[in-house]
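Okay, so here's the structure we're looking at.
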Amino acid sequence: MTVEAHKETLGFQAEVRQLLDLMIHSLYSNKEIFLRELVSNGADAADKLRFEALGDDALYEGDGELRIRVEVDKEARTVSVIDNGIGMSRQEVQEHLGTIARSGTREFVSSMTGDQAKDSSLIGQFGVGFYSTFIVADRVTVETRRAGLGAEHGVRWISEGQGDYSLETVELAARGTTVTLHLREGEDEFLEPYRLRGIVTRYSDNIPLPIEMLGEPSGEGDDAKPAELETINRASALWMRNKSEISDEEYNGFYQHVAHDFEDPLLHMHNRVEGKHEYTSLLYIPKKAPFDLWDREKRHGIKLYVRRVFIMDDAEHLMPGYLRFVRGVIDSDDLPLNVSREILQHNRAIDAIRGASVKRGLGRLEKLAKDDPESYADFWKAFGKVLKEGPGEDHENRERIAKLLRFASTRGEGDAETVSLEDYVGRMIEGQEKVYYVTADTFAAASNSPHLEVFRKQGIEVLLLHDRVDEWLVGMLPEFDGKSLQSVSQGELEGLDEDAEKRVEQAKVEQGELVGRVKKALGDRVERVRFTARLTDSPACLVAQDAGMSAHLGRLLQAAGQEVPNVPLILELNPDHRLVERLGGESDEQRFTEWAELLYEQALLSEGGKLADPAAFVRRMNGLLLELAG
Ligand code: ADP
Ligand code: MG
C-alpha cells in the first residue's frame, strides 16, 4: 500500500513557545526529569490501551505484553523511549504535541518560584511533561501509530523546539509511540546506560509496567553473548505488595510518581479492605499544596484501578472536595471493568470506598494532630483553608472535621492558627456557655475589634477569624460539643459583665433621651441606637441584629458581586465613655449631629466598613481638631 506523505509544517500555539523557552532556561539543573515524564507518558499510554481493549480485544493486535523500552544510540547521540501503548492518530498528535490543552501557561509562569526543584515538579502537574524533552534535546522525533488503525496511519512529528514542528504520515508496523531525543551538545551523560537506569530506578521503579533496556554484552570470544533486554524496574503494583516489605523510600518514590511531586509526602495510608467490598487503597497527604488546589478543573488526584487495570484519574467520586489534596491509588476488586463516570456516580461500592477512605483520612489526621502537633500545624498551613469547607460539605462527619479545625484566638500566639475548638471549650470560664468569635478581613482588624473589649476585660477567649471562608464556615457550624458559636458583633450580649450591665440600666433611666437624639441625627443609616455593656475603651460600635447578616458577610458577598440587601446595623454607645457623656451634654443641635456622625463613622471604620462620604468625615475631624488647637 502506498502512503500519502502529506507533510506539513505547523506553528506551535503561542503558549507552547513561551513554555518551551521557560522550561529550557529555568529547569536546567533538573533536566533528568525528561525521562520520568516520558516514562510516565508511556505508562499512561499502556493504561489507556488496556482500558480501551476491555471493550475491543483486537486493539492488542496480538501483542498484549505492554512495556516500555529505553534505547541509546551513542553514535547518533540519541535516546529513545518506546512504548506499545495506545499511540496517537494524526489529529491527536496535533492536539497533544502542538498545543497546551489547558490554558495553563500563564498560571504556570506565575506559579514558578525560581526554585528549580519546585518548578520542575510543576511541569508534571501542569500536564506539559512532554515538552521537557527540549531541555536536553535540540531535536525530538515522535513516531506513533494509534492502536486499531492500519500501519499506513503512522505519524512522524519532528521539532527543534523553536517555533514549529513538522508532521508527516508514515507507515508504522508497530502500534504505540517512539520518542527519540537528539541530545544537545554537552548532554552526553544521558548516553550512559547506568545514568538512565539510575533515573528510572529513582522515579519509576514501582510503576506497574516493565521498563526494559539492553544489558551489556557478556563474555569474550566463543563465550560471547549478545546483549539482552533486561527489565530495569520492579514493575509491580506497589500497592499490592505487603506493607511490611515496602520501604519508606518506595512509598515516597511512588508518591512522587502519582502526585508529580518532587518532595516526599507528609504521610501515607496503605490499606487492604476485605468483606462486603474488597479493595486496596494507598493514599497520601502531600506536604505542600499543589498550585491547582483552587482550580475546579484540576486533573490529578486519585487513580482508580479495577483489579490492577487503570480506569480513570478521578478525585471527584473518590474523595469529597474538602479532601481534594489527597493523592494516591484505589484498586477495587468488585467494580466492573467497564465502569464509566456515570456508573461511578451511583455505585454502592464506590460510595462505600469513598466513605471509608474519608473516615480513614480523618482518623489519620486526628492521630497526627495528637501525636505530632508540629507536623499538624504545617499540614494546617498548607490545607487548612480547604478543610474548612468540610463542615458544609460533609454533614455526617461534621463534628470530626470540626475537631480538626484550628483558629487564631485572643489566647493564641499572634496570628498563628493553632487553637482547636476542643482547646477552647476546655478552658471556657465558669458560666460561659458559648464559643465566641469575631470575623474580619485581616488578623489585625479582628484582634483590634472594639467588640472584643468586654471579653478581654472578663478574660473570655474569642476566636479571631480572618479567612474568607471563615464566615461561611461558622454559618455551617452552628455549634460544637453542644455549645453554640456566637459572633461577638451580633445581637445582644447578656451575662458577661454585671457591673457594666447595671450601668447600662442606669444610663437608660438617666440619659434615656440621648439614644433617641442620636438615632434622629443618623436617620436610616442605623437600625437603632442603644447603650451597651460591650465596650470598655471605645465610645461606640456597630453590631448586627440577632438574626441579621453580619456586616462582614455582607461585604464579602458584595465583593463577590452579589446583591446584598441593605440591612442597617445597630449603633451601640458606651455609657461610661467621656465622649458619650459629653455628647449627652451638648445642647447645640448642629454640634450634636456632628458628634453623633463622628461616633458612627469611627464605629464603622473600626469594624472594617467603608464610609459613604470620607471627605465629610475628614472635614468633621479637622473641625474638632482645630477647636482643640484653639
Ligand atoms: P500529560 O501527560 O500530563 O497529559 P504531556 O505533555 O506529558 O502531558 O503529554 C501530553 C499529551 O500527549 C498526553 O496527555 C497524551 O495524550 C499525549 N502523549 C504523550 N506521550 C504519549 C505516548 N507515549 N503515547 C500516547 N500519547 C502520548
Ligand atoms: Mg505526561
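The values are calculated or read from the model by the stated rules, or taken from the named source; none is laboratory data. Quick caveat: nothing in here was measured; it's all calculated off a predicted structure. As a convention, Cβ positions derive from the backbone with ideal geometry for all residues, glycine included, and neighbour counts pool all protein chains shown. To get the accessible areas, we keep the full protein, side chains included, count just its heavy atoms, and leave off ligands, DNA and RNA. Shrake-Rupley method; radii C 1.70, N 1.55, O 1.52, S 1.80 Å.
Okay, here's what the table says:
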| read-out | value |
| --- | --- |
| Of all DSSP beta bridges in segment 242-375, antiparallel share, percent nearest 5 | 75 |
| Translational diffusion coefficient (Stokes-Einstein; Kirkwood radius from C-alpha pairs) of the chain at 4 °C, 1.567 mPa s, in µm²/s | 44 |
| Over segment 406-487: Rg over Rh, Cα atoms, Kirkwood Rh | 0.92 |
| Charge dipole magnitude, Cβ of K and R +1, D and E -1 - the chain, Cα centre, debye nearest 20 | 1080 |
| At q = 0.14, 0.21 Å⁻¹, base-10 log of I(q)/I(0) for segment 498-629 (Debye sum, equal scatterers on each alpha carbon) | -0.66, -1.33 |
| Rounded to 10°, Cα long-axis angle of helix 14-26 versus longest principal axis of the chain | 90 |
| Selected from A521, G554, L542, residue furthest toward positive end of dipole (segment 498-629; charges at beta carbon) | G554 |
| The chain - percent relative contact order, Cα under 8 Å, separation 6 or more | 8 |
| Average accessible surface area per residue within the chain, 1.4 Å rolling probe, Å² | 47 |
| Range in the chain, longest, excluding exposed GluC sites (Glu not before Pro) [loop by DSSP; at most 11 other beta-carbon atoms within 10 Å] | 76-184 |
| Over the chain: helical MRE at 222 nm, DSSP H runs n ≥ 4 each giving -39500 (n - 2.57), nearest 500 | -11500 deg cm²/dmol |
| Qualifying trypsin sites (Lys or Arg not before Pro) for segment 533-630 [loop in DSSP, other Cβ within 10 Å: at most 16] | K610 |
| Entries of K359/K403; K457/K508; K48/K225; K288/K483; K287/K367; K48/K381 with Cα pairs more than 25 Å apart | K48/K225; K288/K483; K48/K381 |
| Antiparallel bridge percentage (DSSP; both residues within the chain; nearest 5) | 75 |
| Positive-pole candidate from N566, Q511, Q602, dipole of segment 498-629, charges at beta carbon | N566 |
| Sparse-neighbourhood loop sites, trypsin sites (Lys or Arg not before Pro) in segment 42-77 - DSSP loop, at most 16 other Cβ within 10 angstrom | K74 |
| Estimated translational D of segment 242-375 in µm²/s (Stokes, Kirkwood radius over Cα pairs; 25 °C; 0.890 mPa s) | 160 |
| Rg/Rg_globular for segment 537-588, with Rg_globular taken as 2.2 N^0.38 Å and Rg from C-alpha atoms | 1.55 |
